[in-house]
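Colleague: Okay, handing you the structure first.
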Amino acid sequence: MPMYKKLLTSLLVLAGLTAVLPATAAERREPVEVDHIVAVVADGVITSNELKARLATAINQLQRRGTPLPAQDVLEGQMLERLIIERAQLAYARESGLRIDDQQLEQAIGRIAANNKLSVTQFRAALEKDGIAYPVFREEIRTEMTMARLREREVESRLVVSDAEIDNYLANQAATGSSEEYELAHILLRAPESATPEQLQKLRKRGEEALAKARAGENFAQLAASYSDAPDALQGGELGWRPLNRLPTLYAEIAARLQPGGISDLQRSSAGFHILKLVGKRGGNMPASVMQTHARHILIRVNEVVSEAEARHKLETVRERIANGVDFAEQARLFSQDGTAGKGGDLGWLNPGDTVPEFERAMDALQPGELGKVIKSPFGMHLIQVIERRERDVSAERQRAVARQAIRERKLDEAYQDWLRQLRDRTYIENRLENP
């Protein structure tokens, strides 16, 4: 056993011994259960108390949704697996130098409070009124931000959509221009990267058990909470409304063959085994025109040399100059680290979906002529100004842009699940609930 794991175990054993030392008669009370390790992940541990806290939150969520609760041991095992995947990601983030500092965290909490139309002080009071400790909430948000940043860096930024894929997508699109949306729920039984035949057989048997229960009419959301290894398991495995072209390829092929309420056969992919339920289907029409935005920006990239705080400070200084009358284009040529710097930061006419979501949301909130606040995207820190807007008919160029975005979203789900599976397989994990 590695030295750090021996040390962790020894410390908790010592704590346990201390807890059972003889007490005076006045001090003798009901025995109190000592916290203990339920899993080791990389260089850290998950304790029984941490697992119980997450279980309480999960049970509360399921009850609010009206989802029947799985058996306690099943839910406990599912929640521990989610904690293991989370800790594996956080360990990798630390190893690779990815960190959410306090300034970034406070800015994110400020945005959450603002979205709830509260000041941070009011928001903190509201959390505590609901029984949520603010320090715990802060660290949960830090964890979510870290995992989102990791996903952007390790998966989203590496996705490539080729012209051939776009051509094929457009060639297979319905000639009518109409589209249907599908409401889906799923169960994923994740297979290890190098699964043995015995492991796959055991997983298949578990999948067949879940499928039999689903087809017998058992609550699908409860089955997802009991069986699924997907991040959305405690939300009933719901994927929401999506057109076929924004679903993973396997799911799109299955959904097209199902009727509402129908449940697929057990499906095998590189990620594991899948069960898909078509909750509903509805028709829709492609828009005849789109709103385009003519915008420009200044980009400062964040890297090993320039921190996010430094990039933000530099752009805040540039923003102040522009607000005081300095020409935007001149500042873009001087400071922007984007290919548009030579054009004064001019991005030309942008269609919905042409930019990353963070950039598009900030841009869409601006009026023509308005200078935005400094915002962050996976590419770095941006200062955006909207020049003008216009409504245009959907063109061949726009269709290609829509196709590119649809293919990207479809590939992202598959790529992220593959990455999580590979990360788990290369992380040291000791599950003590499975191997007490």
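The values are calculated or read from the model by the stated rules, or taken from the named source; none is laboratory data. All figures in this text were calculated on a predicted structure; none of them were measured in a lab. With ideal geometry, Cβ positions are generated from the backbone for all residues, glycine too; neighbour counts draw on all protein chains shown.
Colleague: If Val160 satisfies every condition in (1) hydrophobic (A, V, I, L, M, F, W, C); (2) under 30 Å from Ala252 (Cα atoms); (3) touching a residue at least 40 places away in the same chain (Cβ under 8 Å) but one, which is the exception?
Modeller: Only one criterion in (1) hydrophobic (A, V, I, L, M, F, W, C); (2) under 30 Å from Ala252 (Cα atoms); (3) touching a residue at least 40 places away in the same chain (Cβ under 8 Å) is unmet by Val160, namely (3).
Colleague: Return the residues of the stretch 244-286 that are more than 26 Å from the chain's Cα centre (by Cα) and at positive phi; say none if nothing qualifies.
Modeller: Selection gives Gly261 alone.
Colleague: Which residues, counting only those in the stretch 215-230, are surrounded by fewer than 21 Cβ atoms within 10 Å (Cβ to Cβ) and over 12 Å from Ala185 (Cα atoms)?
Modeller: Of everything in the stretch 215-230, those that are surrounded by fewer than 21 Cβ atoms within 10 Å (Cβ to Cβ) and over 12 Å from Ala185 (Cα atoms) turn out to be Arg215, Ala216, Gly217, Glu218.
Colleague: Identify, from the list Arg149, Arg204, the residue that is part of a helix (DSSP H, G or I) and in the same structural domain as Leu90 (by TED's automatic domain parsing).
Modeller: From the options Arg149, Arg204, the qualifying one is Arg149.
Colleague: A further question on this structure: Looking at Thr317, Thr340, Thr355, can you tell me which residue is in contact with a strand residue (DSSP E or B) (Cβ under 7 Å, 6 or more places away or on another chain), hydroxyl-bearing (Ser, Thr, Tyr) and closer than 30 Å to Glu370 by Cα?
Modeller: From the options Thr317, Thr340, Thr355, the qualifying one is Thr340.
Colleague: Additional query: So which residues in the stretch 186-222 are closer than 24 Å to Gly240 by Cα and free of Cβ contacts under 8 Å to residues at least 40 places away in the same chain?
Modeller: Selection gives Ala212, Lys213, Ala216, Gly217, Glu218.
Colleague: Conditions: (1) under 21 Å from Leu423 (Cα atoms); (2) modelled with pLDDT under 85. Ala91 meets all but one. Number of the miss?
Modeller: (2)
Colleague: Can you list the strands (runs of 3 or more DSSP E) found entirely within the stretch 245-344 that contain at least 2 residues being within 22 Å of Arg204 (Cβ to Cβ)? Don't jump to the end; show me each part of the working.
Modeller: Numbers: elements: 267-269, 272-285, 289-300.
Answer list for the stretch 245-344: 267-269, 272-285.
Colleague: Quick one: which residue in Ala225, Ala210 is among the hydrophobic types (A, V, I, L, M, F, W, C), modelled with pLDDT of 90 or more and assigned by TED's automatic domain parsing to the domain that holds Lys277?
Modeller: The conditions single out Ala210.
Colleague: Out of the stretch 367-394, which residues are surrounded by fewer than 18 Cβ atoms within 10 Å (Cβ to Cβ), among the aliphatic types (A, V, I, L, M) and part of a loop (DSSP other than H, G, I, E, B)?
Modeller: Across the stretch 367-394, the qualifying residue is only Val394.
Colleague: Can I ask one more? Out of Thr427, Thr340, Thr355, report the one residue that is hydroxyl-bearing (Ser, Thr, Tyr), touching a residue at least 60 places away in the same chain (Cβ under 8 Å) and buried (at least 16 other Cβ atoms within 10 Å of the Cβ).
Modeller: That would be Thr427, the only listed residue that is hydroxyl-bearing (Ser, Thr, Tyr), touching a residue at least 60 places away in the same chain (Cβ under 8 Å) and buried (at least 16 other Cβ atoms within 10 Å of the Cβ).
Colleague: What is the residue count in the stretch 62-91 for residues that are touching a helix residue (DSSP H, G or I) at 6+ places or on another chain (Cβ under 9 Å) and either among the basic types (Lys, Arg) or loosely packed, with under 13 Cβ neighbours inside 10 Å (or both)?
Modeller: Of the residues in the stretch 62-91, 5 are touching a helix residue (DSSP H, G or I) at 6+ places or on another chain (Cβ under 9 Å) and either among the basic types (Lys, Arg) or loosely packed, with under 13 Cβ neighbours inside 10 Å (or both).
Colleague: Before we move on, is Leu211 in contact with a Ser or Thr (Cβ under 6 Å, 6 or more places away or on another chain) and either under 30 Å from Leu383 (Cα atoms) or of a type in the set (A, V, I, L, M) (or both)?
Modeller: Values: in contact with a Ser or Thr (Cβ under 6 Å, 6 or more places away or on another chain): no; either under 30 Å from Leu383 (Cα atoms) or of a type in the set (A, V, I, L, M) (or both): yes.
Taking the combined requirement at face value, the residue does not satisfy it.
Colleague: Right, here's the next one. Which ones in the stretch 307-333 are under 9 Å from Met381 (Cβ atoms) and either surrounded by 20 or more Cβ atoms within 10 Å (Cβ to Cβ) or of a type in the set (Val, Ile, Thr) (or both)?
Modeller: Within the stretch 307-333, Ala311, Arg312, Leu315 meet the criteria.
Colleague: A further question follows. Based on this model, can you work out whether Val306 counts as outside the structural domain of Leu420 (by TED's automatic domain parsing) and closer than 30 Å to Ser96 by Cα?
Modeller: Yes; evaluated as a whole, the condition is true for this residue.
Colleague: For Ala362, only one of the following conditions fails: (1) without any contact (Cβ under 8 Å) to a residue 40 or more places away in the chain; (2) assigned to a loop (DSSP other than H, G, I, E, B). What is its number?
Modeller: (2)
Colleague: Could you tell me whether any residue of the stretch 344-352 is of a type in the set (A, V, I, L, M) and out of contact with any strand residue (DSSP E or B) (no Cβ under 6 Å at 6 or more places or on another chain)?
Modeller: From the stretch 344-352, those of a type in the set (A, V, I, L, M) are 347, 350; that's our starting set.
Imposing the further condition that a residue be out of contact with any strand residue (DSSP E or B) (no Cβ under 6 Å at 6 or more places or on another chain) reduces the set to none.
No; the residues of the stretch 344-352 include none that is of a type in the set (A, V, I, L, M) and out of contact with any strand residue (DSSP E or B) (no Cβ under 6 Å at 6 or more places or on another chain).
Colleague: From Leu276, Leu244, Leu234, which residue is of a type outside the set (S, T, N, Q), surrounded by 14 or more Cβ atoms within 10 Å (Cβ to Cβ) and at pLDDT 90 or above?
Modeller: Going through Leu276, Leu244, Leu234 in turn, the sole match is Leu276.
Colleague: For the stretch 89-145: of the residues being among the basic types (Lys, Arg) and in a loop (DSSP other than H, G, I, E, B), which is nearest to the chain's Cα centre (by Cα)?
Modeller: Of everything passing the filter in the stretch 89-145, Arg99 is nearest to the chain's Cα centre (by Cα).
Colleague: Of the residues Arg138, Arg94, Arg99, only one is out of contact with any helix residue (DSSP H, G or I) (no Cβ under 8 Å at 6 or more places or on another chain) and either surrounded by 12 or more Cβ atoms within 10 Å (Cβ to Cβ) or of a type outside the set (Phe, Trp, Tyr) (or both); which?
Modeller: Arg94
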